[in-house]
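Student: Provided herewith is a single structure, encoded as structure tokens, for subsequent inquiry.
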Amino acid sequence: MSTPTRTAVAALTTEDAELLVRVAKTAAEAAGTTVSVTVLDAGGHLLAFRRDDRAVLISGETSTRKAYTALQLNAPTADLVEAVRPGGPLHTLPTALDRPLLFIAGGLPVHRDGRLVGAMGVGGAAPDQEHAFAAAALDALA
């Protein structure tokens, strides 16, 4: 019986994180809005954070919670909104953990070679814009 081989996947680096922040921030500026961007590694540790001087203060917290939620559930936060509504399969999840999750669009997991290596969150704009800014950043990382 042969043992399956495992291929190492490169971790998300601070250089990667800075690229994600820069691209998301540039996309927000092009849309005429200001945001906060958070990037976490696969262990949930902060790799990069940036809040535009003019972004609403709470955007820093929302971007971080979105990144954490996307990381823990390995899913875009936009895809989880319906699941946490009353009657949804994850309805009680937002209150089940010590660290608050946030089920608003703008959080995306970061994958490399099909493996989860981190997550990012964007806060401070409309949820659909935040999702688009994060998606643009991920496209640039690819």
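Student: Residues in the range 119-142 that are more than 15 Å from ALA30 (Cβ to Cβ) and surrounded by 23 or more Cβ atoms within 10 Å (Cβ to Cβ): how many?
Tutor: Number of matching residues: 4.
Student: Right, next: What is the one condition in (1) within 28 Å of ALA11 (Cα to Cα); (2) out of contact with any Leu (no Cβ under 9 Å at 6 or more places or on another chain); (3) in contact (Cβ under 8 Å) with a residue 60 or more places away in the chain; (4) surrounded by fewer than 21 Cβ atoms within 10 Å (Cβ to Cβ) that ALA42 does not satisfy?
Tutor: It fails just one condition, (2).
Student: So, in the range 70-86, how many residues would count as being at pLDDT 95 or above and on the phi < 0 side of the Ramachandran plot?
Tutor: Of the residues in that region, 6 qualify.
Student: I've got another one for you. If I filter the range 87-107 for residues that are farther than 17 Å from GLU15 by Cα, at pLDDT 95 or above and surrounded by fewer than 16 Cβ atoms within 10 Å (Cβ to Cβ), do I get at least one hit?
Tutor: Within the range 87-107, not a single residue is farther than 17 Å from GLU15 by Cα, at pLDDT 95 or above and surrounded by fewer than 16 Cβ atoms within 10 Å (Cβ to Cβ).
Student: Can you find even one residue in the range 58-67 that is in a loop (DSSP other than H, G, I, E, B), under 20 Å from ARG22 (Cα atoms) and touching a residue at least 40 places away in the same chain (Cβ under 8 Å)?
Tutor: No: zero hits.
Student: So which residues in the range 51-86 are among the charged types (D, E, K, R) and either in contact with a Phe, Trp or Tyr (Cβ under 8 Å, 6 or more places away or on another chain) or crowded, with 19+ Cβ neighbours inside 10 Å (or both), if there are any at all?
Tutor: ARG51, ARG65, LYS66
The values are calculated or read from the model by the stated rules, or taken from the named source; none is laboratory data. Since the model is a prediction, treat every value here as computed from it, not as a measurement. Cβ sites come from the backbone with ideal geometry, for glycine too, and all protein chains shown count toward neighbours.
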